[in-house]
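See below for the structure under consideration.
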Amino acid sequence: SERTLVLVKPDGVARGLVGEVIARIERKGLKLAALELRTADRATAEQHYAEHDGKSFYADLVDFITGGPLVALVVEGVRAVPAFRQLAGGTDPIEKATPGTIRGDFGTEVQFNLVHGSDSVESAEREIKIWFPNL
Ligand code: ATP
C-alpha cells in the first residue's frame, strides 16, 4: 500500500470540515496512520510549499497556511495518493473541482481550497518527513 500527506488547511478547520474530510477518507477505505491538530510555523510551511517559491501567490499562501490551526494527516491504503486527489477534486473549487468532491462541494476560492493532498508518491514521502519526522 501507499502513503499520502493530507492537510485540512486553516480554512477547513475554521469552517468545521475536519470530520467531513476524515469521514470521506474513511469511507473510501483509506486508513489514518497519523493525525495532528497544529499551527504550522513558517519554516514548515516554506518547506512544504518550496516548489511555489517565487510565484505571485507564494507569500499569501505561506501567510494563510500558518494563519491558524490545521490538521495534518498521513493516510494509507491502495493508491492512497491518487485516491485522495480524487476525493479532494481540482485545485480551483469552481473552475476545476466537480460536485461530489471536497473542494467541489464546499469550496469557492482557489486560495481557500480547504485541503491539500500530495501529488505523487515522491512528494508524499518528502512531505511526510516535513510534517511527521518521527513516522
Ligand atoms: P495542494 O498542493 O494544496 O494540494 P494543488 O496541488 O491542487 O493544491 P498547487 O498548484 O500545488 O495545487 O497549488 C498549491 C496551493 O496554492 C493550492 O492548493 C492553493 O491553495 C494555492 N494556489 C494555487 N494557485 C493559486 C492562485 N492562482 N492564487 C492563489 N492561491 C493559489
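The values are calculated or read from the model by the stated rules, or taken from the named source; none is laboratory data. Just so it is clear, the model here is predicted, and its values are computed rather than measured. A quick note on method: Cβ atoms are made from the backbone with ideal geometry, for glycine too, and the neighbour counts reach across all protein chains shown.
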**Item:** Hey, His116 at pLDDT 95 or above, more than 8 Å from the ligand (Cβ to nearest atom) and either closer than 16 Å to Lys9 by Cα or in contact with a strand residue (DSSP E or B) (Cβ under 8 Å, 6 or more places away or on another chain) (or both) or not
**Value:** no
**Request:** Name the single residue, out of those in segment 48-100 being within 11 Å of the ligand (Cβ to nearest atom) and among the basic types (Lys, Arg), that is farthest from the chain's Cα centre (by Cα).
**Result:** Lys55
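Results for (1) without any contact (Cβ under 8 Å) to a residue 24 or more places away in the chain; (2) part of a helix (DSSP H, G or I), shown as yes or no for each residue.
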{"site": "Thr4", "(1), (2)": "no, no"}
{"site": "Val13", "(1), (2)": "no, yes"}
{"site": "Gly19", "(1), (2)": "yes, yes"}
{"site": "Ala33", "(1), (2)": "no, no"}
{"site": "Leu37", "(1), (2)": "no, no"}
{"site": "Ala45", "(1), (2)": "yes, yes"}
{"site": "Val62", "(1), (2)": "yes, yes"}
{"site": "Val81", "(1), (2)": "no, yes"}
{"site": "Asp92", "(1), (2)": "yes, no"}
**Prompt:** Which one is surrounded by the most Cβ atoms within 10 Å (Cβ to Cβ) among residues in segment 94-118 that are assigned to a loop (DSSP other than H, G, I, E, B) and aliphatic (A, V, I, L, M)?
**Reply:** Leu114
**Item:** Residue in segment 119-135 that is nearest to the ligand (Cβ to nearest atom), counting only those that are touching a helix residue (DSSP H, G or I) at 6+ places or on another chain (Cβ under 8 Å) and outside any helix (DSSP H, G or I)
**Value:** Asp119
